[in-house]
Amino acid sequence: MEVRNRYVATRRHIEGAPTEADFEVREETARWSPDSGEVLVRNLYLSIDPYQLNRMKRSSASHLAVDGILPGQRDSPRGCCSPIRPSGRKRIAAYAAGEVVASASPEYAAGDVVAGVLGWEDYTLFRPSPAVLMSKVDASGGFPLSHHISVLGTSGMTAYGGLFEVCKPARGEKVFVSAASGSVGSLAGQFAKLAGCYVVGCAGTKAKVDLLKGKLGFDDAFNYKEEPDLKSALKRCFPDGIDIYFENVGGEMLEAALANMNPYGRVALSGVISEYTGAGRRAVPDLLEVIYKRITIRGFFAWDFLPRFAEFNAAIGEWIRQGKVQVLEDVSDGLESVPSAFAALFSGQNVGKKLVKLA
């Protein structure tokens, strides 16, 4: 079987803020055969995540955990799905959902809907193995397919694991969430409220602040762009100090949060998007604050919690059914929109999880 396959590739290493000009859409023929042992998937939804930018740089600490993405090449991250194409090049892998078109594996059949690591492309070939992150989507849950790569995918796993496994909140504790209207922050804040915590979030527009305090149920929120002194802003919001900080921003926000944290405070270091583009000042935390307040800071990412993926999703799914968690998804259409969707993440244009619908 042969199918026309378009895919997104980088034109160059990206060291600053990404633009649409940094990417191009290419085309090839994807080939599947009955004796290949491979599964051909038509991709339906793609997850667009800011951490990918670090993989597109010439050098980044992220390359210690996952391979970098080379210009014009296909991506095959360690420990993830390794899509195959005849030329042997790489393509940009991403968490995604799709439908099996053809299968030479007894584990999958045509018509199965799957979620896992696929690619920024129309079709992806993968060979099932324990190292390949892929699973069938259970349609009986009644959730939209997009939820399986957002709240029931890596965003939900990051928010749930970062809050409950890293920070272990207790009822009545005070929680601060940065980038709180984003894919992970919007969920982390809601989960903290369900744990009985007092929750404050920050965002970059009045509309987002209103969303946090309204639909998402945060106790308070503020627009960080209107605050000349972040330390004072957090002191105003947390007169008795912060117990837990769910960090998505880095830079001055991290410094301000640490200055306002209580003894034995915990920081879940989920992301530092302000530092990905190199445009802002790097965080210079006061380490004496960390030492004498005995603050715990832990970096992590979604795959740390992979063995508990089903457990996390069972809890999150039940909250959604009960109306206790609101799901925010920002969807663009068509493979051609991937570059603009990705670039928009770094200018604060998205609300909730950024996705691209292909079909």
### Query
What percent of all Cα-Cα pairs in the range 119-194 falls in each 10 Å bin, counting up from 0?
16, 37, 30, 15, 3
### Summary
Between the alpha carbon centres of the range 302-359 and the range 228-278 the gap in Å comes to 24 Å
### Lys, Arg +1 and Asp, Glu -1 on Cβ, resulting dipole of the range 154-303 about Cα centre, debye, nearest 20
220 debye
#### Entry: Mean residue ellipticity (222 nm) of the chain, computed from DSSP H runs ≥ 4 via -39,500 (n - 2.57), nearest 500
-5500 deg cm²/dmol
### Query
At a Förster distance of 51 Å, what's the computed FRET efficiency of Asp210 paired with Ala359, Cβ-Cβ distance as r, to 0.05?
0.90
### Task
Note down the nm distance, to one decimal, between modelled labels 7 Å out along Cα→Cβ at Lys231 and at Arg11.
4.4 nm
### Message
Apply the Karplus curve 6.51 cos²θ - 1.76 cosθ + 1.60, θ = phi - 60°, to the phi angles in the range 28-39 and return the couplings in whole Hz, x for Gly and Pro.
### Response
8, 10, 8, 10, 10, 10, x, 9, 7, x, 9, 10
### Query
For the chain, what is the charge dipole size about the Cα centre, in debye to the nearest 20, if Lys and Arg each add +1 at the Cβ and Asp and Glu each add -1 at the Cβ?
340 debye
### Task
Would you mind checking which residues have amide H under 5 Å from Val351's amide H? H placed 1.01 Å from N; only 5 or more apart, or other chain.
none
### Task
Of the listed values (1) 27, 24, 21; (2) 33, 23, 21; (3) 36, 22, 17, grab the one calculated as semi-axes √(5λ) of the Cα gyration tensor in Å from the structure here.
(3)
### Task
Name the residue farthest towards the positive end of the dipole of the range 207-359 from the options Leu287, Ser340, Gly323, assuming +1 on Cβ of Lys and Arg, -1 on Cβ of Asp and Glu, about the Cα centre.
Gly323
### Query
Among residues other than Leu335 whose Cβ falls under 9 Å from its Cβ, what is the net charge (Lys/Arg +1, Asp/Glu -1)?
-2
## Note on the structure
Sequence order, the range 118-126: Karplus ³J(HN,Hα) from phi using 6.51 cos²θ - 1.76 cosθ + 1.60, θ = phi - 60°, Hz rounded, Gly and Pro as x, gives 10, x, 6, 6, 6, 10, 10, 9, 9
### Query
Of the heavy-atom accessible surface of the chain (probe 1.4 angstrom), what whole percent is carbon and sulfur?
51 percent
### Summary
Probe 1.4 Å, heavy atoms of protein chains only: per residue, the accessible area of the chain in Å² is 41 Å²
### Query
Kirkwood Rh, the range 154-303, all Cα pairs: how many Å?
14.9 Å
### Query
Between Ala110 and Arg294, what length comes free when the chain is fully extended (0.36 nm per residue of separation minus the Cα-Cα distance, one decimal in nm)?
60.8 nm
### Message
Rounded to the nearest 5, what % of DSSP beta bridges with both residues in the chain are antiparallel?
### Response
55 percent
### Task
Would you kindly derive the ³J(HN,Hα) couplings of the range 269-278 from the backbone phi angles with the Karplus curve 6.51 cos²θ - 1.76 cosθ + 1.60 (θ = phi - 60°), listing them in order in whole Hz, with x for Gly and Pro?
8, 7, x, 9, 4, 5, 9, 5, 8, x
### Summary
Given a Förster distance of 41 Å, the FRET efficiency implied by the Cβ-Cβ spacing of Ala310 and Thr19, rounded to the nearest 0.05, works out to 0.60
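The values are calculated or read from the model by the stated rules, or taken from the named source; none is laboratory data. Being a predicted model, the structure only gives us computed values, none of them experimental. Heads up, the Cβs are rebuilt from the backbone with ideal geometry, glycines too, and the neighbour counts pull from every protein chain shown. Heads up: the accessible areas ignore ligands, DNA and RNA and are worked out on the full protein's heavy atoms, side chains in. Shrake-Rupley method; radii C 1.70, N 1.55, O 1.52, S 1.80 Å.
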